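Down below is the structure, laid out as structure tokens.
The values are calculated or read from the model by the stated rules, or taken from the named source; none is laboratory data. Treat the numbers as computed from the prediction; the structure is a model and nothing was measured. Cβ sites come from the backbone with ideal geometry, for glycine too, and all protein chains shown count toward neighbours. Please note that ligands, DNA and RNA were not included when accessible areas were found on the heavy atoms of the full protein model with its side chains. Shrake-Rupley method; radii C 1.70, N 1.55, O 1.52, S 1.80 Å.
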Amino acid sequence: MKKGIAEYQVGDAFDSYMLIKSASKGVASNGKPFLTLILRDATGEIEAKLWDASKEDEQTFVAEQLVKLAGDVNQFRGRLQLKIQSIRPAQLTDGVKAADFVEKAPISPEELMEKLTEFIFEMKNPNLQRITRQFVKQYQEGLLTYPAAVKNHHEYVSGLAHHIVSMLKLAKQLIDLYPDVDQDLLYAGIILHDLGKLKELSSATAPSYTLEGKLIGHIPMMVEEIGAVAKGLGIEGEEVVMLQHMVLSHHGKAEWGSPKPPMIREAEMLHLIDHMDAKMNILNRALKKVNPGEFTERLFAMDQRSFYKPVFTNSYRED
């Protein structure tokens, strides 16, 4: 069985298939064009440079294209990079498909949907439950396949549903500790807070930002859609406004993308749960890539910190 890109080290030769996650054009100091390719498989991703890129190369090597590559793994500015010796588009006769080259959530879409449904059934407020059920029914396919982000956290197939279900499990525990929190409003806010990403992002396997995603963003799009869905269901009043506020404020601060800061208790808890689950996802996945006694690479979303994996604790050992 061939190893994944996450298992390669500096000096290793590479000769296999990869999926292009993104491709961007640049101009070298000698004035010649090149392409920066972010390549991925189910275990991770690596950057590669295609020097002296022709116009045909720019049209051929684009996001979501499977390619056959040969080259060597080296290091640039502390990160692994693939030095390309040869590259071509994958062909039907190669017998490879894009779905095999993307990271997936550790829980199946079927199980995630089952867990999500269980939480919706726990909701007692009929209006919040109806709105939530309508969105889940309307967007079920995308909800179960899309990532939660382009990079940093839950950026894998089914990552959005995995993020939501993890947040719901955390919320359930916190409500036991803080019973005054409105469970239904918190659950509805968690399930809906990132559904706007289904319009903000272009696809499940190699997502980039859509025009609407760049110019409007998932938060305003979702707030508007909650109003439209509620109106279509004949629901109006404070519940709808509170739910819109949950989505509007879940990033916490204006500099983090929230048009409003949390101004109700449930919105503050949603923000804290969202923040915690994202950070733990980043840390857990980074720590799995290193051995006990080693540091992770610098993590952009964690203020460029490197995290140490202790030797003494069993919690870091692989099963």
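Condition (residue is closer than 27 Å to F295 by Cα, at pLDDT below 90, open to solvent by 80 Å² or more (accessible area, probe 1.4 Å) and of a type outside the set (V, I, T)) applied to the range 62-74: is it met by at least one residue? No: zero hits.
Filtered by the rule that a residue be within 8 Å of the chain's Cα centre (by Cα) and β-branched (V, I, T), the range 122-150 gives a lone residue, V150. Every residue in the range 1-32 that is in a helix (DSSP H, G or I) and in contact with a Lys or Arg (Cβ under 8 Å, 6 or more places away or on another chain), please. Result: I5, A6.
Screening R265 with (1) open to solvent by less than 60 Å² (accessible area, probe 1.4 Å); (2) touching a residue at least 60 places away in the same chain (Cβ under 8 Å) gives one miss only, at (1). Quick check on the range 225-240. Is at least one of its residues surrounded by fewer than 15 Cβ atoms within 10 Å (Cβ to Cβ), more than 23 Å from K21 (Cα to Cα) and of a type in the set (A, V, I, L, M)? Checked against the condition, which is being surrounded by fewer than 15 Cβ atoms within 10 Å (Cβ to Cβ), more than 23 Å from K21 (Cα to Cα) and of a type in the set (A, V, I, L, M), the range 225-240 yields at least one hit.
Helices (runs of 4 or more DSSP H) wholly in the range 144-217 with at least 3 residues that are in contact (Cβ under 8 Å) with a residue 40 or more places away in the chain - which ones?
Working: elements: 159-177, 183-192, 197-200, 211-215.
Passing ranges, in order: 159-177, 183-192.
Yes or no, residue by residue, for (1) under 19 Å from the mean Cα position of the chain (by Cα); (2) in the same structural domain as E266 (by the TED database); (3) buried (at least 17 other Cβ atoms within 10 Å of the Cβ); (4) at pLDDT 95 or above:
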| site | (1), (2), (3), (4) |
| --- | --- |
| N152 | yes, yes, no, no |
| S158 | yes, yes, yes, no |
| L168 | yes, yes, yes, yes |
| A188 | no, yes, yes, yes |
| I191 | yes, yes, yes, yes |
| G196 | yes, yes, yes, no |
| L211 | yes, yes, no, no |
